[in-house]
Amino acid sequence: MGSVLSSFFGGEGAAAAAESSEPSRVTTFHSSDRWQLHFNSSKQLNKLMVVDFAASWCGPCKLMEPLVKDMSGKYTDVDFVKIDVDELPDVAQEHRVQAMPTFLLLKQGKEVDRIVGAKKDELEKKILKHREAPKFAA
């Protein structure tokens, strides 16, 4: 549990949480600069990124947190990111976030979809729609 908390508060993401019995694949950013580096590097990949814009005081955000963590374990080909809008208001403003939770689905730095509200089923459907289909050998 300590490694999960340290990854949450330290912003180290999945690598620091890997020691936990239930690792989180959701990377939390606490620095606009670190987020920008991650965002810029994602533009080079054809990989879906799901950005969860949330707030610590937001009840629906807290409801969605374990569900997003479960999805991150289920869809390991998708990059899951969490941003606290109170910690990084500049990032939230840049992406025109006006309500929490807001989930942005990005591919190569471009928004491909957006879900506003605690809509687990809709989020999962859109993840399935936009993620790269696994490649199978012929």
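The values are calculated or read from the model by the stated rules, or taken from the named source; none is laboratory data. The model shown is predicted, which means the values in this text are computed figures rather than measured ones. Methodologically, a virtual Cβ is constructed for each residue, glycine included, from the backbone with ideal geometry; neighbour enumeration extends over all protein chains shown. When the accessible area is computed, the model is the full protein with side chains, heavy atoms only, and any ligands, DNA or RNA have been set aside. Shrake-Rupley method; radii C 1.70, N 1.55, O 1.52, S 1.80 Å.
Residue-wise test of (1) in contact with a strand residue (DSSP E or B) (Cβ under 9 Å, 6 or more places away or on another chain); (2) at pLDDT below 95; (3) more than 22 Å from R131 (Cα to Cα); (4) not basic (K, R).
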| position | (1), (2), (3), (4) |
| --- | --- |
| G2 | no, yes, yes, yes |
| G13 | yes, yes, no, yes |
| D33 | no, no, yes, yes |
| S56 | yes, no, yes, yes |
| G59 | no, no, yes, yes |
| I83 | yes, no, no, yes |
| D90 | no, no, yes, yes |
| Q98 | yes, no, yes, yes |
| L104 | yes, no, no, yes |
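Scan region 17-31 for residues that are assigned to a helix (DSSP H, G or I) and at pLDDT 95 or above and report the count.
Residues flagged as assigned to a helix (DSSP H, G or I) and at pLDDT 95 or above within region 17-31 amount to 0.
Those residues that are β-branched (V, I, T) and in a strand (DSSP E or B), I need them from region 76-116; list them, please.
V81, I83, T102, V112, I115, V116
Can you tell me which residue within region 115-132, out of those that are open to solvent by 20 Å² or more (accessible area, probe 1.4 Å) and under 21 Å from S41 (Cα atoms), is modelled with the highest pLDDT?
Ranking the qualifying residues of region 115-132, first place goes to H130.
With respect to L67, determine if the residue is in contact (Cβ under 8 Å) with a residue 12 or more places away in the chain, more than 18 Å from S24 (Cα to Cα) and either open to solvent by 60 Å² or more (accessible area, probe 1.4 Å) or not hydroxyl-bearing (S, T, Y) (or both).
no
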